[in-house]
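The values are calculated or read from the model by the stated rules, or taken from the named source; none is laboratory data. All figures in this text were calculated on a predicted structure; none of them were measured in a lab. Neighbour counts are summed over all protein chains in view; Cβ atoms, including those assigned to glycine, are modelled from backbone coordinates with ideal geometry. The protein model used for the area step is the full one, side chains on, heavy atoms only, and it has no ligands, DNA or RNA in it. Shrake-Rupley method; radii C 1.70, N 1.55, O 1.52, S 1.80 Å.
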Amino acid sequence: MGKFKTVCVFCGSNLGNKTIFRDAALDLGRQLVQRRMNLVYGGGSVGLMGLVSQTVYDGGFHVLGFIPTALVPLEISGHSHTVGEVMIVADMHERTAEMAKRVDAFVALPGGYGTLEEPFKMITWSQLRIHNKPVSLLNVDGYYDSLLGLFDKGVEEGFIRPSARNIVISTNNAQELIQKMEVIVFFISISCNHVLYITTYFYAGISYLPPPNSIKPVGSW
């Protein structure tokens, strides 16, 4: 299967009310270390963000964070406690763009409004063929069940194309999630020689290939 080197993780600057969220963040970090993957993240040292980044950093792999100036007092604990290399950017827009262009895949752990905004943007950019990188939700304890249901409702009501619905990969297990993304990266890598956007998406255990008339060139960063 296809291998990738760097993963962007979107996640909350809070820990959440259940220990299962913390356990999932630590497990994701360990999975990245086991697969020798680097991390790009939101730059904070608190909440789930801090757990993932510290785990990857302690595992000996590169950790790169991007944080807007306004969030430094909120998401970096202590006077200078950062994890790995952290770059301060002007705003949220620059943060997302800088993170996106440096990675091979995206994973969203549970989080609040700020976390949700980032995978939504990556999903939209994938739909617009701005990138061809896998976008996934780690659906810990059913956290994203309602959101996934909303996507299905969008298809039912004619606002989301079935092909676009399959952009989003989701499972409740970090190891399985990464394996699914590796399959997608494999198909992307073999399609690049033809300058086409051909990939395999997984939803409800069914592989999906876009029909030939939906295949378009992919823009580069």
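Just to be sure before I move on: is GLU94 over 19 Å from GLN31 (Cβ atoms), in a helix (DSSP H, G or I), open to solvent by less than 30 Å² (accessible area, probe 1.4 Å) and acidic (Asp, Glu) in the structure I sent? When the stated conditions are applied, GLU94 does not pass them. The lone criterion from (1) under 16 Å from ALA174 (Cβ atoms); (2) open to solvent by 50 Å² or more (accessible area, probe 1.4 Å) left unmet by CYS11 is number (2). Among the residues of the stretch 150-174, just one is of a type in the set (Lys, Arg) and not in a helix (DSSP H, G or I), namely ARG161. For GLY60, state whether it is modelled with pLDDT of 95 or more and open to solvent by 40 Å² or more (accessible area, probe 1.4 Å). Against the criterion (modelled with pLDDT of 95 or more and open to solvent by 40 Å² or more (accessible area, probe 1.4 Å)), GLY60 qualifies. Within the stretch 182-192, does at least one residue satisfy the condition of being at pLDDT 95 or above, in a helix (DSSP H, G or I) and open to solvent by less than 10 Å² (accessible area, probe 1.4 Å)? Within the stretch 182-192, none of the residues are at pLDDT 95 or above, in a helix (DSSP H, G or I) and open to solvent by less than 10 Å² (accessible area, probe 1.4 Å).
From the list LEU177, LEU147, LEU137, the lone residue that is among the aliphatic types (A, V, I, L, M) and either part of a loop (DSSP other than H, G, I, E, B) or open to solvent by 10 Å² or more (accessible area, probe 1.4 Å) (or both) is LEU147. Scoring VAL46 on the criteria (1) closer than 24 Å to GLU182 by Cβ; (2) surrounded by fewer than 22 Cβ atoms within 10 Å (Cβ to Cβ) leaves a single failure, condition (1). Return yes when ASN38 is at pLDDT 90 or above, surrounded by fewer than 22 Cβ atoms within 10 Å (Cβ to Cβ) and closer than 19 Å to ASP23 by Cβ and no when it is not. So ASN38 fails the test.
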